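Enquirer: Here's a structure for you.
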Amino acid sequence: MAQTQEVSGANHRLQTNTALYVGDLHRNVTKDELYNLFNQIGNVSSVKICENNLTGESLGYGYVNFSDPLIADKAIEELNFTPLYGKPIRIMNCNRDPRVRNNDAANLFVKNLDKAVDHKALRDMFSPFGTIVSYKIATDDSGESKGFGFVQFETEQSAKNATYSLNGTMMNGKQVYVGPFVRKENRESTSAASGDKFTNVYVKSQSISTTADDLKRIFGEYGAITSAVVMKNSEGVSKCFGFINFASADDAAKAVGELNGKTFDGKEWYVGKAMKKSERLLELKEKYGGSEKESAANLYVKNLNDSIGDAELKDLFLKFGTITSCKVMQDEKGFSRGSGFVAFSKQREAIQALAMMNGSIVAGKPLYVSFAERKAERKARLQQNFSQMRPTQTAPHVALAPRLLPFPLGSHSMGEEYLYGQTPPFIIPRQGEFGYQQHCVPGMRLVGQEPGGHGGAGAPMPLQPLVQQQMLPRGPFVYHHAHGPVAYGTGGQAMPFQSLVTALANASPEMQRQILGDALYPLVENLVHDSTTTGRVTGMLLDLDQPEVLHLLEEPNAFRIKVDEMINTLRDKTIDRLKSISILD
């Protein structure tokens, strides 16, 4: 069994090793330059440089595919850290299996690294302990090391061996810390579980004349201090706050308890536990439950490709502003759920990101981006939407027409339509025979009014509907067919967008297509004014991914442009068809 697993693992590596990830690319590197570089090693199947969907600028990474895994391995050995435009590139095997990428047990966090330690030095340091899946030094916007990084091994045992051998060792004169990688949410929960145990103390509202020596003298009365600092600006002037680190957590807690609120040099001090930014945000959320501003700066993103993790999601949105948190949701097995959240520090940054990224194509899939809602808020909104869609007033007797769309959306033909799931007592007339009034629902007529006119002598008496006391709301009317209700606004307008989204969320995949088609048709008809073309364009729109269609429904300009584009496509196809027909035919 063990041998079988090893062979299976080897086969998996052979399959994935034909694709290489190339990172740290200079923004000026082109696809051709990357191709020419790797083609020196062997025949390259394809090359891709990932770009910003809006600006077309390089995102600094790409992929190179070979047909032979041995050539791919050779490319890593010979081309890794090759400088392009003066910047060394970083090459790794591309593993699209999220189970491997999200294997935290084999992932290590390395900190206290000297600024001179680069990607190559990090790889060389850990490579003796096993096969490395990925490695990275965290850098700032200028490309300078932040002093920490990550190394992921293929197996958990390799990670354990590296931790045992390297943790606490010296590198470039600094003692390196190597330990298991812990995700941010787990770090926060661990911090919360530790309770009041802390050694680092934060003090603010100091006098501008307070020095580090003053802090040492005052706080030193409560125990041994390892460090004390007063924060200063670029001109060396005190910012009126500082930090004191105790050797003992008990001494730190005692100092906070006795010094908080005391007055020194005419200033009342605030003394408390020094917290990381993430801890402060967590505390504020628990205290205030989150404000509207916070919600307005938090985005929900769905329809994500499985290859997109936390880091990739952050890279997509980083250009719009400062991101305070970023998370791709996962199931219990660690697989991506295809959705996530991105929180910005400012509301305007989130608004800009939503406007630019909603509907954009990322890794072959259109993103759906909206403001995040808390569970309670979403529940309340859905309840409100459903209550608005419920009947509230008795309408005149109505006879129901066939579905609005003149083209089939499923396997049901026109003859298969039933009113409220019952056998129809009469043959339903074609939609083209109806003349709609402005106060009536498309696909419905008032009893007493004849198809195509307003009744009159000699006109056949209308057949009574099966349901004469059908309740209809005063606002959006409801058009019923065999599959269920679809809401429309007065005068043939589509249902409100949120109601449409709600209806889609609660419908089966087959019914979702029907609902979207019924919502799109009148909007297309307003632009086209031709039933045949309207049907074809609506069908083309339904072939798009649902998030892209929803984006178009939210953006009238984009919708109009897309419809015009499809009309031109149909026209071009018609012209080409006519050209291909021989006169003699």
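Derivation of every value follows stated rules applied to the coordinates shown; laboratory data play no part. What you are looking at is a predicted structure, and each value in this text was computed from that prediction instead of being measured. We place every Cβ from the backbone using ideal geometry, glycine too, and count neighbours over all the protein chains shown.
Enquirer: Once amide H atoms are placed 1.01 Å from N in the peptide plane, what residues at a sequence separation of 5 or more from residue 108, or on another chain, have their amide H within under 5 Å of its amide H?
Expert: 151, 152, 153, 181
Enquirer: In nm, to one decimal, how far is the modelled label at residue 374 from the one at residue 254, with both set 7 Å along Cα→Cβ?
Expert: 4.1 nm
Enquirer: For residue 273 and residue 216, calculate 0.36 nm times their separation in residues minus their Cα-Cα distance, and state this gained length in nm to one decimal. Provide the component values of the computation, followed by the final result.
Expert: On the way: separation 57, 0.36 × 57 = 20.52 nm, distance 1.66 nm.
So the chain would gain 18.9 nm between residue 273 and residue 216.
Enquirer: Also: Given a Förster distance of 30 angstrom, what is the FRET efficiency for residue 85 paired with residue 169, based on the Cβ-Cβ distance and rounded to 0.05?
Expert: Values: r = 34 Å, r/R0 = 1.14.
For R0 = 30 Å, the calculated efficiency reads 0.30.
Enquirer: Still on this structure: Over region 15-183, calculate the relative contact order: mean separation of alpha carbon pairs under 8 Å at least 6 apart, over the residue count, as a percent.
Expert: On the way: 324 pairs, mean separation 36.1, N = 169.
The normalised contact order for region 15-183 reaches 21 percent.
Enquirer: Can you work out ³J(HN,Hα) from phi for every residue in region 203-218, in order, using Karplus 6.51 cos²θ - 1.76 cosθ + 1.60 and θ = phi - 60°, giving whole Hz and x for Gly and Pro?
Expert: 10, 9, 6, 6, 6, 5, 8, 5, 10, 4, 5, 4, 5, 4, 5, 6
Enquirer: Checking the a/c ratio against 1.5 first, then a/b against b/c, what shape does the Cα gyration tensor give for region 28-68? Intermediate values should be presented prior to the final figure.
Expert: On the way: a/c = 3.54, a/b = 2.15, b/c = 1.65.
Note, shape of region 28-68 comes out prolate.
Enquirer: With labels modelled as points extended 7 Å from the Cα through the Cβ direction, what inter-label distance (nm, one decimal) is found for residue 55 paired with residue 302?
Expert: Once both label points are built, they end up 3.0 nm from each other.
Enquirer: Further, regarding this structure: Any idea which of 307, 367, 354 is furthest toward the positive side of the dipole for region 292-372, if Lys and Arg beta-carbons carry +1 and Asp and Glu beta-carbons -1?
Expert: Projecting each Cα onto the dipole axis, the largest value belongs to 354.
Enquirer: Still on this structure, please answer the following. Quick one: of 239/346; 216/276; 146/262; 136/562, which pairs are farther than 32 Å apart, Cα to Cα? Each step should come with its number before you reach the end.
Expert: Details: 239/346 24 Å; 216/276 22 Å; 146/262 37 Å; 136/562 42 Å.
In this structure, 146/262; 136/562 lie more than 32 Å apart at Cα.
Enquirer: Give me the extension gain from residue 318 to residue 245: residue separation times 0.36 nm, minus the current Cα-Cα distance, reported in nm with one decimal.
Expert: Values: separation 73, 0.36 × 73 = 26.28 nm, distance 3.37 nm.
Contour length minus Cα-Cα distance gives 22.9 nm.
Enquirer: Sticking with this one: With θ set to phi - 60°, apply the Karplus curve 6.51 cos²θ - 1.76 cosθ + 1.60 along region 36-51 and write out the HN-Hα couplings as whole Hz, x wherever there is a Gly or Pro.
Expert: Residue by residue, region 36-51 yields 4, 5, 7, 5, 5, 7, x, 5, 8, 7, 7, 9, 9, 10, 6, 10 Hz.
Enquirer: Would you please name the GluC sites (Glu not before Pro) within region 112-172 that are DSSP coil residues with at most 15 other C-beta atoms within 10 Å of their C-beta? Could the numbers behind the result be given before it?
Expert: On the way: sites: 144, 154, 156; in loops: 144, 154.
Answer by residue number: 144.
Enquirer: Here's another thing I want to ask about it. Sort region 292-372 into rounded, prolate or oblate with this rule: let a ≥ b ≥ c be the square roots of the eigenvalues of the Cα gyration tensor; rounded if a/c is under 1.5, and if a/c is not under 1.5, prolate when a/b is larger than b/c, oblate otherwise.
Expert: Working: a/c = 1.87, a/b = 1.44, b/c = 1.30.
Judged from the Cα gyration tensor, region 292-372 comes out prolate (a/c at least 1.5, a/b above b/c).
Enquirer: Summing +1 for each Lys or Arg and -1 for each Asp or Glu, what net charge is found among the other residues whose Cβ lies under 12 Å from the Cβ of residue 268?
Expert: +2
Enquirer: Residue 142 to residue 232: extension gain in nm, 0.36 nm per residue of separation minus the Cα-Cα distance? Kindly include the intermediate steps, with their values, before the conclusion.
Expert: Details: separation 90, 0.36 × 90 = 32.40 nm, distance 2.33 nm.
Taking residue 142 through residue 232 to full extension adds about 30.1 nm, to one decimal.
Enquirer: 7 Å from Cα along Cα→Cβ at both residue 280 and residue 337: what's the point-to-point distance in nm?
Expert: Inter-label distance under the simple model: 3.0 nm.
Enquirer: Now a separate question. Provide the FRET efficiency to the nearest 0.05 for the residue 28-residue 111 pair, computing r from the beta carbons and using R0 = 30 Å. If you can, show how the numbers build up before the last one.
Expert: On the way: r = 32 Å, r/R0 = 1.07.
After rounding, the FRET efficiency stands at 0.40.
Enquirer: What FRET efficiency would be calculated for the residue pair residue 352, residue 48, taking the C-beta separation as r and a Förster radius of 35 Å, to the nearest 0.05? Intermediate results must be reported in sequence, preceding the final value.
Expert: Working: r = 27 Å, r/R0 = 0.77.
Calculated transfer efficiency: 0.85.
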